[in-house]
1. Given Cα pairs under 8 Å that are at least 6 residues apart, what percent is the relative contact order of the range 308-353?
2. Quickly estimate the mean residue ellipticity at 222 nm for the chain, helices only: each DSSP H run with n ≥ 4 gives -39500 (n - 2.57), and the total goes over all residues, rounded to 500.
3. Would you work out if the range 1-152 is rounded, prolate or oblate? Take a ≥ b ≥ c from the square roots of the eigenvalues of the alpha-carbon gyration tensor; rounded if a/c is under 1.5, else prolate when a/b is larger than b/c, oblate otherwise.
4. Give me the net charge for the shell around V63: Cβ to Cβ below 15 angstrom, other residues only, Lys and Arg +1, Asp and Glu -1.
5. Within the range 62-92, name every residue whose backbone N is under 13 Å away from a label modeled 7 Å from Cα of R204 along the Cβ vector.
6. Which is the longest part of the chain that has none of the trypsin sites (Lys or Arg not before Pro) sitting in a DSSP loop with at most 10 other Cβ atoms within 10 Å?
7. At what distance in nm do the modelled label points of S264 and T369 sit from each other, each positioned 7 Å from its Cα along Cα→Cβ?
8. Note down the magnitude of the dipole of the chain about its Cα centre, charges +1 on Lys and Arg C-beta and -1 on Asp and Glu C-beta and zero elsewhere, to the nearest 20 debye.
Amino acid sequence: MNQNPTPAKASSFGPWGWIPSVYIAEGLPYFAVNVLTVIMYTNMGIPPTEMAFYTGLLYLPWVIKPFWSPFVDLIKTKRWWTLGMQLLIAVAMASVAIAITSKAYFFISLVFFWIMAFCSATHDIAADGFYMLALDEKQQAAYVGIRSTFYRIASILGQGLIVMFAGYLEIKYAEVSTAWSATFILLSAVFLLIFLWDRFALPRPAADKPRTDISHQVLLKEFVFTFFTFFRKKHIWLALTFILLYRLPEAMCLKLVSPFLLDSVENGGLGLSTAQVGFANGTVGVVALLAGGIVGGLLVARGGLKRWLWPMALSLTLPCLVYCIFALYQPSNLFWISVGLGIEQFGYGFGFTAYMLYLMYFSAGESQTSHYAFCTAFMALGMMIPGMAAGWIFDFFNKFDNVGTLSAGYLFFFSFIMVTSIATFVAVSVIKPTIKED
């Protein structure tokens with residue numbers, strides 16, 4: 001951490017003036033790329049195979065961002081990068097709004113979503129670096145809860161309220177492309193306002209300047225050295241096994257949940273409207289997810305990671321049974337659907353706590369920040385590849401005959417997800433002996 005981030009020109013707004021906007025700006029495009037695309041393309045008639053593969057591929061910028069993050073230090077300032085990415089994200093969102101009304105909407109909009117993803121990943125690097133430069137250590141500790149809170153608000157906005165808004169427009173205009181075009185115009189306007197606000201609200205820390213004391217060649221050499229020290233860490237292959245496999249069931253499940261909720265009852269889905277999905281999965285589900293994470297953090301703080309690793313692994317996997325039950329009985333009552341999704345998401349939030357704590361535990365030591373960045377890159381890879389394959393797996397099961405009058409595709413798919421829970425248990429089995437007693 002930076003010890004003396006004395007600003008050369010302080011902002012008159014103070015940390016409360018820029019932390020909320022910066023971390024809403026960090027969250028919104030991530031959820032736009034990884035959540036809104038799934039719902040939008042599903043509603044626009046893109047088959048699950050293509051939808052899951054191409055939206056899964058959008059994770060790539062978060063996978064590879066450690067490879068260009070060192071160069072953000074060399075070019076301009078963190079403030080410049082933060083503002084520049086916000087402006088580019090606003091432009092990309094406006095471009096998506098235009099693209100999805102064209103005949104070749106799928107390919108063209110994907111290009112702009114990929115640009116948005118790249119800018120969002122770069123914004124993550126710059127904003128987190130700026131946070132450490134603009135605040136001293138006491139302020140960083142004092143405001144970490146505020147930054148997390150506003151990122152969570154972005155999560156509720158991106159997965160809940162915005163989806164509900166798009167659903168309302170789908171009904172109003174009776175045209176999916178028009179509704180989502182208007183939604184992304186709104187998002188673009190919001191991002192433009194955030195950019196204009198942050199342009200005046202962000203301070204100018206004296207420490208926020210390009211690193212002129214080091215060349216590109218030296219920085220690249222340091223990066224390569226850090227990369228190889230990461231792969232020389234003790235238990236590295238066991239750790240990577242855990243990082244890649246622990247979330248396997250959720251990684252595959254995630255890409256088909258929204259299509260399942262939206263699909264017609266005749267096709268094996270629940271037949272919810274877009275607005276209902278935004279409420280049940282994006283609002284109730286997200287709140288339950290956050291609650292699970294909070295409870296998980298409190299329990300681990302008392303009992304230690306090793307004690308809670310197996311209970312958290314079980315809570316991550318077993319609630320996936322909710323989708324099997326939904327696929328079998330196809331309930332129509334939104335209240336009970338919301339309750340089921342809340343249970344599943346609470347379990348996921350609780351189980352995810354162990355995952356993030358292990359990443360911090362494994363990264364500890366020399367080059368902790370860089371090694372943690374590599375861990376999160378593998379975390380994104382562990383979400384990307386299974387997500388890309390989820391559509392093909394569903395398509396395979398969807399070719400089977402129906403079970404009586406029931407369309408079998410979703411039931412078989414979610415049953416398969418339960419089988420993949422074995423990978424999570426294997427990951428926990430190999431990693432638990434390597435964790436020191438707390």
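1. On the way: 29 pairs, mean separation 31.1, N = 46.
That works out to 68 percent.
2. On the way: 21 runs with 324 residues, N = 438.
Here the helix-only value at 222 nm equals -24500 deg cm²/dmol.
3. On the way: a/c = 2.40, a/b = 2.22, b/c = 1.08.
Because a/c hits 1.5 or more and a/b exceeds b/c, the range 1-152 counts as prolate.
4. On the way: positive: K65, R247; negative: D124.
In short, +1.
5. Of the residues in the range 62-92, 77, 79-80 have backbone N under 13 Å from the label point off R204.
6. Details: sites that count: K103, R232, K234, K399, K436.
The segment 235-398 is the longest one with no such site.
7. Going from the S264 label point to the T369 one covers 5.5 nm.
8. Values: 26 positive and 22 negative charges, 207 e Å.
Its charge dipole is roughly 1000 debye.
The values are calculated or read from the model by the stated rules, or taken from the named source; none is laboratory data. From a predicted model like this one, the values you see are computed outputs, not experimental measurements. Note that we place each Cβ from the backbone using ideal geometry, even for glycine, and neighbour counts take in every protein chain shown. Calculation scope for accessible area: heavy atoms of the full protein, side chains included, ligands and nucleic acids excluded. Shrake-Rupley method; radii C 1.70, N 1.55, O 1.52, S 1.80 Å.
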